[in-house]
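Peer 1: One structure, pasted below without further comment.
The values are calculated or read from the model by the stated rules, or taken from the named source; none is laboratory data. Source: prediction; values computed, not measured. Reconstructed Cβ throughout: ideal geometry from the backbone, glycine too, with neighbour counts over all protein chains shown.
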C-alpha cells in the first residue's frame with residue numbers, strides 16, 4: 001500500500017495525470033542524465049590527469065626523493081576490474097532475461113572483484129616507499145588513485161544495493177531494472193577511468 | 001486506498017500560496033521564481049559590498065575599512081555576484097521557468113534533481129557570508145583564489161569559501177544536466193530542434209559548458225583544499241608545486257564561466273527583441289551556429305588570462321588568435337539583433353530599453369575584450385582597473401542589464417500583472433547612467449596603471465575614482481524604483497491579461513500566471529516562435545501604430 005502511494009505521488013508530481021502512462025518510468029531519460037553526469041565526472045579526472053602530466057613535464061623530481069611504482073599489483077588490479085566489468089555485464093544480461101538468481105550471483109562476483117581491487121589498492125598504499133606529502137608526484141599519485149578508489153568504493157556500495165533490490169520480490173526485475181543499468185553504466189565508467197589512469201600513472 | 005485524482009493529491013501534499021516558494025517544490029515555475037528571488041537577495045548583498053569598495057576608493061588612503069577587510073569585501077563581492085547572482089539567475093531562474101514551456105513539456109526532465117540544485121544555493125550562500133563571522137575572517141584571495149595567496153591568507157575562511165563554491169558548482173552541474181536532458185529529450189512530439197526558441201539553444205550551449213568545465217574547477221579546488229589542510233604541495237612552490245597549473249585549471253572553468261553568464265543573456269535578448277519589434281528574429285540559423293561556435297571556442301581560450309604567467313610564445317600566439325576568433329560569432333549575433341530591430345515597430349518599453357543598452361554595453365565590453373586578447377596590450381593593463389572595467393561591461397552591462405530586461409518582459413507572465421513603465425524607465429535611466437559613470441572611467445584608470453584589488457592608490461587617480469564612486473551611488477539608487485515597482489505592482493498593479501505583448505512563443509499561449517501543468521490541455525506545437533512578419537497581419541496587428549504598441553505597456 002505504501003509503495004503504491006509513493007509511486008503514484010511521484011508520478012503525479014513529475015507529470016500530469018494524462019501522461020503518466022505514456023511516459024512510463026522515464027528510464028531512458030534517467031540513464032541519459034547519468035551519462036551526462038559521468039561526462040562531468042570524467043572531466044574532473046581529466047583535470048587531474050592534465051595536472052599530473054604538466055607536473056611531470058615541468059616540475060623536476062626533487063633530489064633525494066623517490067617516486068617508483070611497482071607494476072605487478074596494479075596490473076593484477078587492472079585485470080580484476082576488467083573482469084568485473086564483464087561479470088556486471090553478465091548480471092545485466094541475466095536480469096533482462098528474467099534469471100534473477102543468476103543475475104544476483106553475477107552481482108556477487110562483481111562485488112567480490114571490486115572488493116579485491118580495493119584490497120589490492122590498500123596493500124599497494126601500505127607497501128609504497130613514499131607518503132602523501134613526500135613530493136609533488138606522490139601527492140598527485142595519491143590524489144588520483146584515491147579519487148578513483150572513492151569511485152570504486154561507491155560503486156561497490158551501489159552493487160550491494162542493487163543486489164538487495166534484485167532479490168525475489170524486490171524492485172529490480174526483468175521488466176524494471178533502472179537501478180541495475182545505472183550501476184552498470186557507472187561501473188563501466190569507473191573501469192574505463194582506471195584503464196586511462198593505469199596507462200598514465202604506471203606505464204607512462 | 002485509491003487515488004482518484006493525482007492533481008488533488010498533489011495539492012494536499014504541496015503547500016499552496018506564497019508558502020510554496022519556501023517548500024521543496026518540484027514545479028519548474030516555482031523553482032524558477034525561487035532562483036530569481038534568492039538571486040536578487042544576494043544581488044543586494046553583493047551590491048552593498050560593492051558600495052563598501054567604492055566608498056573606500058573615493059579617497060586614495062584606506063580610511064573607510066581596514067586593508068584586510070577590503071580584501072575580504074572584494075572577494076565576497078566577486079564570489080556572490082558571479083556564483084550567487086548572475087549564474088543562478090540567468091541559468092536557474094529564467095532557464096527553469098522558460099525551457100519547459102519552450103520544449104512543450106510539463107516540467108523539467110528531472111524535477112527532484114532540479115529542486116535539489118536550487119536548495120544547494122541558500123546554504124552555500126549563507127555559508128559563504130557567515131565565514132566572515134564564524135571563521136574569524138572571510139577568504140581574502142579574490143574570487144580567483146590564486147595560490148600562493150590563497151595558501152597564506154587565513155585558512156579557515158579560504159576553506160569555507162572552497163566548500164561554498166563546491167556546493168554552488170554542484171548545483172550548477174545538476175542544473176546543466178537537467179537542461180541538456182530537457183532540451184534534447186523532452187521536446188513535445190513534432191517539435192524539431194531548429195524550431196526551438198533561441199533561448200533553448202543558448203541554454204543547451206551553456207549547459208554543455210557547465211558540464212564540461214565546472215567539474216575541473218571542483219577538482220582543482222579539492223586539490224587546493226589539500227594544500228591548505230593536509231599541507232600537500234600541488235600549488236605551493238615552496239614544496240615543489242606549480243602555481244601556473246592552478247591558473248590553467250582555474251581558467252579552464254572560469255573563462256567558460258563568462259559564457260555561462262552571457263550565453264543565456266544572449267538567448268533572453270533574442271526572445272525579447274522580436275516580440276517588441278514585431279519582427280522575426282533575424283538569422284535564426286546563423287544564431288544557432290554562433291552559439292555553438294562560442295561554446296567550442298570558449299573552451300580553448302582560457303590562457304589569455306595568463307599572458308603574464310610565463311606562458312611560452314606558442315601558447316600566447318594560439319590563445320590570442322583563438323580569442324580574437326570569438327569576435328566573429330559574437331559579431332554575427334550582434335548584427336542579427338540589429339537587423340531584427342531594423343525597420344521594426346519598436347515599442348520602447350523598459351524591456352527593450354534594457355535590451356538595447358545591453359547591446360551598447362556589450363559591444364563596448366567586447367571591443368575591450370578583443371583588445372585584452374592581444375599580448376602586448378594585455379601585459380600593459382594586466383591586473384589593472386582596465387580589466388575590472390572590461391569585466392563589468394560584460395557581466396553587468398551584459399548579463400545584469402538582460403536580467404532587468406527579462407524581469408520587465410516576463411513579470412506579467414510570473415504574476416499576471418504589468419510593471420509600471422514610468423518607474424521602469426526611471427530605473428533604466430539611473431542604471432544606464434550610473435553604470436557607465438561607474439565603469440567607463442575605470443578604463444582610463446587602468447590604462448594609466450591603477451592596480452586592482454588594492455585599497456589604496458596614487459592620489460593622481462582621485463578624480464576619476466570619485467566619478468566612478470558617484471556612478472556606483474547612482475546604481476545603488478537605481479534599485480529603489482525597481483524594488484518599489486515590483487512591490488507596488490505585486491500589490492496593486494494593473495492586470496496584464498494572458499499575453500500583454502501579443503507574443504508567439506509558447507509560454508504566452510497559456511494563462512498568466514500559468515497553471516501547475518503549464519497548459520490546461522495539450523501543449524501547443526509552436527513551429528514558428530518568431531513568425532511575426534506576415535503573421536502580424538493575420539493577427540490584425542497591422543492597424544496598430546508604434547504609439548499603440550508603446551502604450552500597450554500601460555493599458
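Peer 1: Of the residues B:218, B:156, which is farther than 16 Å from residue B:257 by Cα and assigned to a helix (DSSP H, G or I)?
Peer 2: Just one listed residue meets the conditions, B:156.
Peer 1: Among residues belonging to region B:111-133 that are within 14 Å of chain A (Cβ to nearest Cβ) and buried (at least 24 other Cβ atoms within 10 Å of the Cβ), point out the one that is farthest from residue B:162 (Cα to Cα).
Peer 2: B:114
Peer 1: Please verify whether region B:393-405 includes one or more residues that are over 21 Å from residue B:92 (Cα atoms) and crowded, with 22+ Cβ neighbours inside 10 Å. Walk me through how you get there before you give the answer.
Peer 2: Narrowing region B:393-405 to residues over 21 Å from residue B:92 (Cα atoms): B:393.
Right, trim to crowded, with 22+ Cβ neighbours inside 10 Å and you get B:393.
Yes, the conditions are met somewhere in region B:393-405.
Peer 1: Output the number of the condition that residue A:143 fails; it satisfies all remaining conditions of (1) within 14 Å of chain B (Cβ to nearest Cβ); (2) over 19 Å from the mean Cα position of the chain (by Cα).
Peer 2: (2)
Peer 1: Residues that are farther than 20 Å from residue B:254 by Cα, in contact (Cβ under 8 Å) with a residue 24 or more places away in the chain, under 20 Å from the mean Cα position of the chain (by Cα) and part of a helix (DSSP H, G or I): does region B:108-115 have at least one?
Peer 2: Yes, region B:108-115 has at least one match.
Peer 1: Further question on the same structure: Looking at (1) away from chain B (no Cβ under 14 Å); (2) loosely packed, with under 14 Cβ neighbours inside 10 Å; (3) on the phi < 0 side of the Ramachandran plot, which one does residue A:98 not meet, given that it meets all the others?
Peer 2: It is condition (3) that residue A:98 fails.
Peer 1: At least 3 residues that are at pLDDT 95 or above in each: list the helices (runs of 4 or more DSSP H) lying fully within region A:12-117 that qualify.
Peer 2: Answer list for region A:12-117: A:27-58, A:72-96.
Peer 1: Then there is this: Select from region B:184-199 the residues that are in a helix (DSSP H, G or I) and crowded, with 24+ Cβ neighbours inside 10 Å and write down the one among them that is farthest from the other protein chains (Cβ to nearest Cβ).
Peer 2: Initial filter on region B:184-199 (in a helix (DSSP H, G or I)): B:184-185, B:193-195, B:198-199.
When the remaining residues are screened for being crowded, with 24+ Cβ neighbours inside 10 Å, the result is B:198-199.
Details: B:198: 22, B:199: 20 Å.
By that ranking, first place goes to B:198.
Peer 1: Considering only residues that are surrounded by fewer than 17 Cβ atoms within 10 Å (Cβ to Cβ) and either touching a residue at least 40 places away in the same chain (Cβ under 8 Å) or under 28 Å from the mean Cα position of the chain (by Cα) (or both), which ones fall in region B:454-466?
Peer 2: B:454, B:456, B:458, B:459, B:462, B:466 - these are the residues of region B:454-466 that are surrounded by fewer than 17 Cβ atoms within 10 Å (Cβ to Cβ) and either touching a residue at least 40 places away in the same chain (Cβ under 8 Å) or under 28 Å from the mean Cα position of the chain (by Cα) (or both).
Every residue, every condition in (1) surrounded by fewer than 15 Cβ atoms within 10 Å (Cβ to Cβ); (2) at pLDDT below 95; (3) more than 21 Å from residue B:215 (Cα to Cα), yes or no:
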{"site": "A:151", "(1), (2), (3)": "no, no, no"}
{"site": "A:155", "(1), (2), (3)": "no, no, no"}
{"site": "A:162", "(1), (2), (3)": "no, no, yes"}
{"site": "A:168", "(1), (2), (3)": "yes, yes, yes"}
{"site": "A:184", "(1), (2), (3)": "no, no, yes"}
{"site": "A:192", "(1), (2), (3)": "no, no, no"}
{"site": "A:197", "(1), (2), (3)": "no, no, no"}
{"site": "A:204", "(1), (2), (3)": "yes, yes, yes"}
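Yes/no per residue for (1) surrounded by fewer than 24 Cβ atoms within 10 Å (Cβ to Cβ); (2) outside any helix (DSSP H, G or I):
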| site | (1), (2) |
| --- | --- |
| B:61 | yes, yes |
| B:70 | yes, no |
| B:79 | no, no |
| B:96 | no, no |
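Peer 1: What's the number of the condition residue B:171 fails, among (1) within 11 Å of another protein chain (Cβ to nearest Cβ); (2) in a helix (DSSP H, G or I); (3) farther than 24 Å from residue A:139 by Cα?
Peer 2: (1)
Peer 1: Name every residue in region B:215-249 that is within 20 Å of residue A:41 (Cβ to Cβ), touching a helix residue (DSSP H, G or I) at 6+ places or on another chain (Cβ under 6 Å) and more than 7 Å from every other protein chain (Cβ to nearest Cβ), in order of residue number.
Peer 2: B:217, B:221, B:225
Residues checked against (1) in contact with a helix residue (DSSP H, G or I) (Cβ under 8 Å, 6 or more places away or on another chain); (2) within 24 Å of residue B:20 (Cα to Cα); (3) at pLDDT below 95:
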{"site": "B:115", "(1), (2), (3)": "yes, yes, no"}
{"site": "B:120", "(1), (2), (3)": "yes, yes, no"}
{"site": "B:125", "(1), (2), (3)": "yes, yes, no"}
{"site": "B:133", "(1), (2), (3)": "no, no, yes"}
{"site": "B:138", "(1), (2), (3)": "yes, no, yes"}
{"site": "B:148", "(1), (2), (3)": "yes, no, yes"}
{"site": "B:157", "(1), (2), (3)": "yes, no, yes"}
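Peer 1: Scan region A:102-121 and give yes if some residue there is under 22 Å from residue A:69 (Cα atoms), out of contact with any strand residue (DSSP E or B) (no Cβ under 7 Å at 6 or more places or on another chain), within 14 Å of chain B (Cβ to nearest Cβ) and surrounded by 21 or more Cβ atoms within 10 Å (Cβ to Cβ), otherwise no.
Peer 2: The answer is no; no qualifying residue exists.
Peer 1: Starting from residues that are over 15 Å from the mean Cα position of the chain (by Cα), facing another protein chain (nearest Cβ under 8 Å) and in contact (Cβ under 8 Å) with a residue 60 or more places away in the chain, keep the ones in region A:39-59 and report whichever is surrounded by the most Cβ atoms within 10 Å (Cβ to Cβ).
Peer 2: Going through the qualifying residues, I end up with A:51.
Peer 1: While we're on this one: If I filter region A:147-162 for residues that are over 23 Å from residue A:95 (Cβ atoms), assigned to a loop (DSSP other than H, G, I, E, B) and either touching a residue at least 24 places away in the same chain (Cβ under 8 Å) or within 14 Å of chain B (Cβ to nearest Cβ) (or both), do I get at least one hit?
Peer 2: Checked against the condition, which is being over 23 Å from residue A:95 (Cβ atoms), assigned to a loop (DSSP other than H, G, I, E, B) and either touching a residue at least 24 places away in the same chain (Cβ under 8 Å) or within 14 Å of chain B (Cβ to nearest Cβ) (or both), region A:147-162 yields no hits at all.
Peer 1: Does residue B:86 meet the test of being free of Cβ contacts under 8 Å to residues at least 60 places away in the same chain, buried (at least 21 other Cβ atoms within 10 Å of the Cβ), under 26 Å from residue B:395 (Cα atoms) and under 14 Å from the mean Cα position of the chain (by Cα)?
Peer 2: no
Peer 1: With the structure loaded, tell me whether residue B:319 is over 22 Å from residue B:287 (Cα atoms), more than 22 Å from the chain's Cα centre (by Cα) and not in a loop (DSSP other than H, G, I, E, B) or whether it fails that test.
Peer 2: yes
Peer 1: For region B:337-355, how many residues meet the condition of being part of a helix (DSSP H, G or I) and surrounded by fewer than 21 Cβ atoms within 10 Å (Cβ to Cβ)?
Peer 2: Residues flagged as part of a helix (DSSP H, G or I) and surrounded by fewer than 21 Cβ atoms within 10 Å (Cβ to Cβ) within region B:337-355 amount to 3.
Peer 1: Restricting attention to region B:505-553, which residues are surrounded by fewer than 17 Cβ atoms within 10 Å (Cβ to Cβ), at pLDDT below 70 and either in contact with a helix residue (DSSP H, G or I) (Cβ under 8 Å, 6 or more places away or on another chain) or outside any loop (DSSP other than H, G, I, E, B) (or both)?
Peer 2: B:534, B:535, B:537, B:538, B:542, B:546, B:547, B:548, B:551
Peer 1: Looking at region B:229-238, which of its residues are within 31 Å of the chain's Cα centre (by Cα) and surrounded by fewer than 24 Cβ atoms within 10 Å (Cβ to Cβ)?
Peer 2: Within region B:229-238, the subset within 31 Å of the chain's Cα centre (by Cα) is B:235.
Within region B:229-238, none qualify.
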